[in-house]
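S.K.: My structure is below; once you've seen it, I'll send some questions.
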Amino acid sequence: SNVSLCEVETMVKINYPNKTLKQFLRQSVFSDHFLLDQIAVKIGIDFAHFLKQYQPYLTLSQIRELQADGFLIGAHSTDHREFFLSSEDEIRSQIFASMNFLNQEIKPVIKSFAFPFTDFKVPDSVFEWAHQSKIWDISFGTAGMKDESMPNHIQRIPMESGKTHAGKE
């Protein structure tokens, strides 16, 4: 359908009165998906068609091929939401579901989980639950170089900051 930019801007203003369309699009988070989906329909974006035509994600067969080539495959959540904006139950559910899929479909030698975006503000109780239930063998955060108090949890240096010297600071 043909929709004017003004209509889309109005949709954003109704839901986010203090943001322009540009601000909303640049700062949107997982919980904004309802409005992003509505905007996509309004401007004629068909996500199902895009996914079928371009296939931007690896298939299970391609993942298994990578594993056969020696790559370690880990989990990363089911929908890549920001855990720092999620409840503890949502975080546990995301971890459990993605690790369960990994263990059933990939059967990795080492069960690993990398937190989407960051592990910042993930409650210690989530780490304790994961450790006690042996949900993973190792997990990864993105806090850079720091001492880590959680068992088998390693911080990586974020490389996608957009800075020209990402990883060198």
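The values are calculated or read from the model by the stated rules, or taken from the named source; none is laboratory data. Bear in mind that the values here come from a model prediction, so they are computed numbers and not experimental data. As a convention, Cβ positions derive from the backbone with ideal geometry for all residues, glycine included, and neighbour counts pool all protein chains shown. For the accessible areas, the whole protein counts, side chains as well, though only heavy atoms, and no ligand, DNA or RNA atoms are used. Shrake-Rupley method; radii C 1.70, N 1.55, O 1.52, S 1.80 Å.
S.K.: Pairs, please: C-beta under 7 Å, at least 6 apart or cross-chain, first residue of a type in the set (D, E, K, R) and in the stretch 102-120, second surrounded by 20 or more Cβ atoms within 10 Å (Cβ to Cβ) and assigned to a loop (DSSP other than H, G, I, E, B)?
M.R.: Between residues of the stretch 102-120 that are of a type in the set (D, E, K, R) and residues that are surrounded by 20 or more Cβ atoms within 10 Å (Cβ to Cβ) and assigned to a loop (DSSP other than H, G, I, E, B), the close pairs are Lys111/Trp136.
S.K.: List every residue pair whose Cβ atoms sit under 8 Å apart, with the two residues 6 or more apart in sequence or on different chains, where the first one lies in the stretch 144-168 and is within 23 Å of Ala130 (Cβ to Cβ) and charged (D, E, K, R) and the second, anywhere, is at pLDDT 80 or above and part of a loop (DSSP other than H, G, I, E, B).
M.R.: Arg156/Thr142
S.K.: Considering only residues that are part of a helix (DSSP H, G or I), of a type outside the set (A, V, I, L, M, F, W, C) and under 21 Å from the mean Cα position of the chain (by Cα), which ones fall in the stretch 1-32?
M.R.: The initial filter retains those residues of the stretch 1-32 that are part of a helix (DSSP H, G or I), namely 5-15, 21-27, 30-32.
Retained after the next criterion (residues that are of a type outside the set (A, V, I, L, M, F, W, C)): 7, 9-10, 13, 15, 22-23, 26-27, 31-32.
Within the stretch 1-32, Gln23, Arg26, Gln27, Ser31, Asp32 qualify.
S.K.: Given the conditions (1) loosely packed, with under 13 Cβ neighbours inside 10 Å; (2) more than 17 Å from the chain's Cα centre (by Cα); (3) assigned to a loop (DSSP other than H, G, I, E, B), report the number of the one that Leu72 does not fulfil.
M.R.: So Leu72 meets the others, but not (1).
S.K.: Moving to a separate point now. Out of Arg156, Arg81, I need the residue that is touching a strand residue (DSSP E or B) at 6+ places or on another chain (Cβ under 8 Å) and charged (D, E, K, R). Which one? Spell out the reasoning first.
M.R.: On the way: Arg81 fails: touching a strand residue (DSSP E or B) at 6+ places or on another chain (Cβ under 8 Å).
Arg156 is the lone residue from the list that is touching a strand residue (DSSP E or B) at 6+ places or on another chain (Cβ under 8 Å) and charged (D, E, K, R).
S.K.: Moving on. When only residues in the stretch 137-164 that are in contact with a His (Cβ under 9 Å, 6 or more places away or on another chain) and assigned to a loop (DSSP other than H, G, I, E, B) count, which is most open to solvent (accessible area, probe 1.4 Å)?
M.R.: Checked the stretch 137-164; the qualifying residue most open to solvent (accessible area, probe 1.4 Å) is Asn152.
S.K.: Moving on. Just one of the numbered conditions (1) more than 23 Å from Ser86 (Cα to Cα); (2) open to solvent by less than 80 Å² (accessible area, probe 1.4 Å); (3) assigned to a helix (DSSP H, G or I) is not true of Leu35; which one?
M.R.: Looking at each condition in turn, Leu35 falls short on (1).
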